[in-house]
Amino acid sequence: MNSSASRIAFVGGGNMASAIIGGLLKQGHAAGDIAVMEPFEGARERLRQHFGVEASEQPAQALSGAALVVWAVKPQTFAEAAAAAAPHCAGALHLSVAAGIRSDSMARWLGTERIVRAMPNTPALVGRGMTGLYARPGVSGEDRARVERVIATTGEHLWVEHESQLDAVTALSGSGPAYVFYFLEAMVAAGLDMGLDEAQARRLAVGTFAGGAELARQSEEPLALLRERVTSKGGTTYAALTSLEQDGVKAAFQKALHAAERRAQELGEEFGR
Ligand SMILES: NC(=O)C1=CN([C@@H]2O[C@H](COP(=O)(O)OP(=O)(O)OC[C@H]3O[C@@H](n4cnc5c(N)ncnc54)[C@H](O)[C@@H]3O)[C@@H](O)[C@H]2O)C=CC1
Ligand SMILES: O=C(O)[C@@H]1CCC=N1
């Protein structure tokens, strides 16, 4: 087992851990400096084959000597994983991607204040992630910079000042890719109804989302103005947007994000004890 300042251990080796490990390796981090604690043999084997990293169900093996421990387990299993892992990660900096689990709970379980929470999203898999970060008071600038270096391998990040804001980040960008896919599914289905084939409809819908998002990114103008520029008086866009408004889609969408935020709060309460 290695022991070095660049050694990173993951607790949980599923989707999010894989996205971050993929980003680290692409940026030149040595596979030999990454280890994963993962209870399922199938998942361990996939990690070894795919990334060439060490994977073990034994906390001591996976965690000892890690300078950074990344928590990528479900909120429901965090407490159980922490009980097994805590004795083996003394002196480490901790980074959690779990939705809802508060840093207060982590500090209690792990006996340290060196905790940063992150809320990434799955476009991290292709280097286009958007991650919100929160550092517990007292986390040093050096520790923040270390976390930034890891997260930067998966895309962009932004810091929030208050931990409660991470629940909003979770609702907006953490869950957000699912909303994008949901709208894409609806656009593709409509395209099929109107006589396009699946491949054509998918290409048009995905290209439009990517292009619209890029235009918004490069523009400093209000989003409403970008929308109005598409909307000719008495034209097709006007017809579509009027139909959406009549059906209360914008209000329903905002309500949906509040439901996600509430669920993040509940996860923290239910599984942070
Ligand atoms: N999937 C997503 O879009 C996002 C997920 N998250 C958060 O990331 C965390 C992980 O989510 P996913 O990677 O999607 O889940 P996942 O189910 O793909 O991965 C979780 C892994 O943890 C392992 N595990 C279960 N019990 C364990 C234990 N006691 N010790 C160590 N490992 C254990 C499981 O075998 C599994 O491989 C969650 O807390 C979720 O809230 C955050 C942002 C986005
Ligand atoms: O659905 C969830 O709970 C996780 C957190 C954000 C995205 N997936």
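The values are calculated or read from the model by the stated rules, or taken from the named source; none is laboratory data. Because the structure is a prediction, the values reported are computed rather than measured. Cβ atoms come from the backbone with ideal geometry, glycine included; neighbour counts cover every protein chain shown.
Being within 20 Å of the chain's Cα centre (by Cα) and within 13 Å of ligand 1 (Cβ to nearest atom) is the filter here; which residues of segment 88-101 pass it?
Leu95, Ser96, Val97, Ala98, Ala99, Gly100, Ile101 - these are the residues of segment 88-101 that are within 20 Å of the chain's Cα centre (by Cα) and within 13 Å of ligand 1 (Cβ to nearest atom).
Residue pairs, Cβ under 6 Å, 6 or more apart or interchain, first in segment 249-273 and within 15 Å of Ser173 (Cα to Cα), second part of a helix (DSSP H, G or I). List them.
Leu257/Ala171; Ala260/Ala171; Glu261/Asp167; Glu261/Ala168; Glu261/Ala171; Ala264/Asp167; Ala264/Thr170
Can you tell me which residue is nearest to Pro59 (Cα to Cα) among those in segment 105-130 that are part of a helix (DSSP H, G or I) and out of contact with any strand residue (DSSP E or B) (no Cβ under 9 Å at 6 or more places or on another chain)?
Checked segment 105-130; the qualifying residue nearest to Pro59 (Cα to Cα) is Trp109.
Residues are listed down the side, and each one gets a yes or a no for (1) touching a Ser or Thr at 6+ places or on another chain (Cβ under 7 Å); (2) hydrophobic (A, V, I, L, M, F, W, C); (3) within 12 Å of ligand 1 (Cβ to nearest atom):
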{"residue": "Met16", "(1), (2), (3)": "no, yes, yes"}
{"residue": "Glu38", "(1), (2), (3)": "no, no, yes"}
{"residue": "Gln49", "(1), (2), (3)": "no, no, no"}
{"residue": "Ser56", "(1), (2), (3)": "no, no, yes"}
{"residue": "Ala60", "(1), (2), (3)": "no, yes, no"}
{"residue": "Leu68", "(1), (2), (3)": "no, yes, no"}
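What number of residues within segment 117-134 satisfy the criterion of being of a type in the set (Gly, Ala, Ser) and in contact with an Asp or Glu (Cβ under 9 Å, 6 or more places away or on another chain)?
Final tally of qualifying residues: 1.
Search segment 165-214 for residues being free of Cβ contacts under 8 Å to residues at least 40 places away in the same chain and β-branched (Val, Ile, Thr), and hand back the single one that is farthest from ligand 1 (Cβ to nearest atom).
By that ranking, first place goes to Thr208.
Considering only segment 229-239, state which residues are assigned to a helix (DSSP H, G or I) and either surrounded by 13 or more Cβ atoms within 10 Å (Cβ to Cβ) or in contact (Cβ under 8 Å) with a residue 60 or more places away in the chain (or both).
Those that are assigned to a helix (DSSP H, G or I) and either surrounded by 13 or more Cβ atoms within 10 Å (Cβ to Cβ) or in contact (Cβ under 8 Å) with a residue 60 or more places away in the chain (or both): Val230, Thr237, Tyr238.
In segment 102-122, which residue that is in contact (Cβ under 8 Å) with a residue 40 or more places away in the chain and away from ligand 2 (no atom under 16 Å from the Cβ) is nearest to the chain's Cα centre (by Cα)?
Ser103
Just one of Asp167, Asp193 is touching an Asp or Glu at 6+ places or on another chain (Cβ under 6 Å) and either under 23 Å from Ala260 (Cα atoms) or outside the structural domain of Met106 (by TED's automatic domain parsing) (or both); which is it?
Asp167
Hey, any hits in segment 240-260 for a residue that's of a type in the set (D, E, K, R), under 25 Å from Arg117 (Cβ atoms) and part of a helix (DSSP H, G or I)?
So far as segment 240-260 goes, no, none of its residues is of a type in the set (D, E, K, R), under 25 Å from Arg117 (Cβ atoms) and part of a helix (DSSP H, G or I).
Pick out the one residue from Leu172, Leu267 that is in a helix (DSSP H, G or I), within 16 Å of ligand 2 (Cβ to nearest atom), under 30 Å from Ala79 (Cα atoms) and in contact with a Leu (Cβ under 8 Å, 6 or more places away or on another chain).
Checking each option against the conditions leaves just Leu172.
Inside segment 252-264, can you point out the residues that are away from ligand 2 (no atom under 13 Å from the Cβ) and of a type in the set (A, V, I, L, M, F, W, C)?
Ala252, Phe253 - these are the residues of segment 252-264 that are away from ligand 2 (no atom under 13 Å from the Cβ) and of a type in the set (A, V, I, L, M, F, W, C).
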